[in-house]
Structures are given as structure tokens and as C-alpha cells.
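The values are calculated or read from the model by the stated rules, or taken from the named source; none is laboratory data. None of these values were measured; they are calculated from a predicted model. Note that we place each Cβ from the backbone using ideal geometry, even for glycine, and neighbour counts take in every protein chain shown.
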Amino acid sequence: MAQGRLLPLDHLRLRHALALAKGEPEADGLWAQVDAEAWASSTSRGALLNLIVDSVPVLARFGKTEAALEVLRESVAAGTVPPYDWLLLNPHLAVLRSDARFRAVLESAKRQFDEMLAGLEEARGRGELPAYLAASLPELKRRVREAAASIPGR
């Protein structure tokens with residue numbers, strides 16, 4: 001990618017978000033283009049993760065909960081699991097958290113999060129955990145634990 005230039009998927013996502021925020025009727029058509037482009041075989045996992053992190057909160061915020069949940073479901077099916085802490089702590093996702101489909105995504109993300117924590121604890125045991133992570137990890141665990149406890153149906 002040339003510096004300062006948007007990739008086509010990024011450009012579409014931004015156009016969609018702006019149209020959605022302005023209440024423009026072409027927002028749904030733009031989302032259909034984003035959706036088709038995102039799941040193309042040539043889309044990298046990084047681009048999919050960007051789509052999840054950037055678009056799902058926008059969709060949820062503007063009442064497009066079905067589309068938001070579908071992106072989350074499809075991402076897990078494609079092997080790109082959204083970060084557990086992000087799912088729990090992003091305030092724009094609150095509207096999705098009571099849905100059973102969200103909780104299914106959350107369970108996949110929790111397994112991945114638990115594996116990451118186990119790896120960090122192994123690194124700590126070997127004396128290889130960086131100080132900045134060692135200092136912030138207890139607070140992250142506390143916030144995630146509290147947020148998870150507040151999810152309906154868990």
C-alpha cells in the first residue's frame with residue numbers, strides 16, 4: 001500500500017460509515033459492497049480484523065444490529081476471532097451483548113483470550129514478560145472479569 005492511500009475496502013467502509021451517520025439511503029448499498037469485498041478470498045486476516053473493529057461498532061451504534069452480529073459470526077467462522085476484551089469493553093457493542101449470537105462469538109473469543117493469558121503467564125514464569133505488560137495485566141483482567149459478569153445469560 002502506498003503511504004497515505006486507502007485500500008478499496010477501507011474506502012468503502014469509510015463511505016458506508018459516513019452515509020450511515022448522515023442517514024443517507026445509499027448506506028445499505030454501500031454496506032452490501034463492503035460485505036461482499038470483506039469476505040472475498042483475497043482479503044487478509046488483518047483487513048478482516050480492521051473491518052470487525054471499525055465497522056461493527058458503527059453498525060451497532062446506528063441500529064444495524066443484524067449486520068453487526070452477522071459480521072461477528074462470519075468472522076469467527078472464517079477463523080478471525082475478535083478480541084475478547086474489545087467485545088466486552090467497547091461501549092458501542094452494549095446493544096449486542098444480550099443476544100445469544102453475540103454470546104456465541106464471545107465464547108470463541110474467550111477461548112482465544114484464555115490461551116493468550118496462559119502464554120503470558122508462561123512468559124512471566126520464564127522471566128520474559130515485559131514490565132509494561134506485567135504492570136497492566138491485573139487491571140485488564142479485573143475489567144474483563146467485571147464486564148463478563150454483567151453479560152446477560154452468562
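Taking residues in the stretch 100-115 that are over 12 Å from V76 (Cα atoms) and among the basic types (K, R), and partners anywhere that are surrounded by fewer than 14 Cβ atoms within 10 Å (Cβ to Cβ) and modelled with pLDDT of 95 or more, not one pair has Cβ atoms closer than 6 Å while being at least 6 places apart or on different chains. Summed over the stretch 35-45, residues that are touching a helix residue (DSSP H, G or I) at 6+ places or on another chain (Cβ under 8 Å) and assigned to a helix (DSSP H, G or I) total 3. Per the listing P25, P82, the residue uniquely without any contact (Cβ under 8 Å) to a residue 60 or more places away in the chain, surrounded by 13 or more Cβ atoms within 10 Å (Cβ to Cβ) and not in a helix (DSSP H, G or I) is P82. Restricting the search to the stretch 6-22, which residues are surrounded by fewer than 16 Cβ atoms within 10 Å (Cβ to Cβ), part of a helix (DSSP H, G or I), more than 19 Å from the chain's Cα centre (by Cα) and not basic (K, R)? Those that are surrounded by fewer than 16 Cβ atoms within 10 Å (Cβ to Cβ), part of a helix (DSSP H, G or I), more than 19 Å from the chain's Cα centre (by Cα) and not basic (K, R): P8, L18, A21. When the residues of the stretch 103-129 are filtered to those that are outside any helix (DSSP H, G or I) and not basic (K, R), the one that is surrounded by the fewest Cβ atoms within 10 Å (Cβ to Cβ) is G127.
The rows are residues; the columns are (1) modelled with pLDDT under 95; (2) in a loop (DSSP other than H, G, I, E, B); (3) out of contact with any Asp or Glu (no Cβ under 6 Å at 6 or more places or on another chain); (4) not aliphatic (A, V, I, L, M).
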position	(1), (2), (3), (4)
W31	yes, no, yes, yes
A47	yes, no, yes, no
L51	yes, no, yes, no
P57	no, no, yes, yes
A68	no, no, yes, no
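Residue count for the stretch 136-149 satisfying the condition of being under 13 Å from F102 (Cβ atoms) and out of contact with any helix residue (DSSP H, G or I) (no Cβ under 9 Å at 6 or more places or on another chain): 0.
Scanning for something touching a Gly at 6+ places or on another chain (Cβ under 8 Å), of a type outside the set (K, R) and over 28 Å from E37 (Cα atoms), does the stretch 104-118 turn up at least one residue? Looking for residues that are touching a Gly at 6+ places or on another chain (Cβ under 8 Å), of a type outside the set (K, R) and over 28 Å from E37 (Cα atoms), one finds none in the stretch 104-118, hence no.
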